[in-house]
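Structure record follows, encoded as structure tokens.
Only the coordinates and a few stated rules stand behind these numbers; no lab work does. Everything numeric in this text was worked out from a predicted model, so none of it was measured. Here Cβ is always computed from backbone atoms with ideal geometry, including for glycine, and neighbour counts include all displayed protein chains.
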Amino acid sequence: GWDPGRQRWQVRAHRAFADMVVRYTIDGSEPGETSPTFTDVLELDQPGVVTLLATRNGRAYSRSTYTLSANQAVGKPVTYAVSPSPKYSRAGDLALVDGMVGSDSFSDGVWVGWQGAALDATIDLQQATRFHSVGVRFMQQSMSWILLPKAVRISVSADGVRWKRVQATPVEVGPADK
């Protein structure tokens, strides 16, 4: 995730074996024998697509890909009306502003989730900031009880007290996922 103190991303390797080698690329390509390695923490200061390949005794053990996205909210303070469920908060409190895009796997350590409550978050950009779009990503895996929101509402405020809704979009789900 994003390390606000160091102003860079940190990708942590949780190696199952001491002799495991983790190779990586930062351009989305597949790591190979000549790709750089790291043992515990990889620090990156540029956005991109990071691909990790853990090997042991020359055999592939696991592969992960993370997209790092620079935007005006990266590292900014975020507050939640209701905190993420402890079961679904491995990514930490900065998950919505760490610039790491969740993959198609809910177990990638990047996603956060709420159980019995809706996501209601405020991201403080700390100064008047012009922006042209807001990007959000949600996961739908109804067989795992991971459901899309019913709607997405975006509001802005100059003072944190008076809010103006700038977007309200209902989210359509397929009949099999209702």
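Numbers at a glance
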quantity	calculated
The stretch 2-49 versus the stretch 117-132: alpha-carbon centroid distance in Å	29 Å
The chain: relative contact order as a whole-number percent, Cα under 8 Å and 6+ apart	15 percent
Stokes-Einstein D in µm²/s, Kirkwood radius over Cα pairs - the chain at 37 °C with 0.692 mPa s viscosity	180 µm²/s
Estimated vicinal HN-Hα couplings, Hz - the stretch 131-144 in sequence order (Karplus 6.51, -1.76, 1.60; Gly, Pro = x)	9, 10, 7, 10, x, 9, 9, 10, 10, 10, 9, 4, 5, 9
Burial ranking of peptide ranges 120-131, 100-111, 12-23 (average Cβ count within 10 Å, highest at the top)	100-111, 12-23, 120-131
Within-9-Å neighbourhood charge of G1 [Cβ basis; K, R +1; D, E -1]	-1
Positive-end extreme of charge dipole, the chain - chosen from V97, G58, S29 (charges on Cβ)	V97
Residues whose placed amide H lies under 5 Å from that of A13, excluding near-sequence neighbours	V41, L42
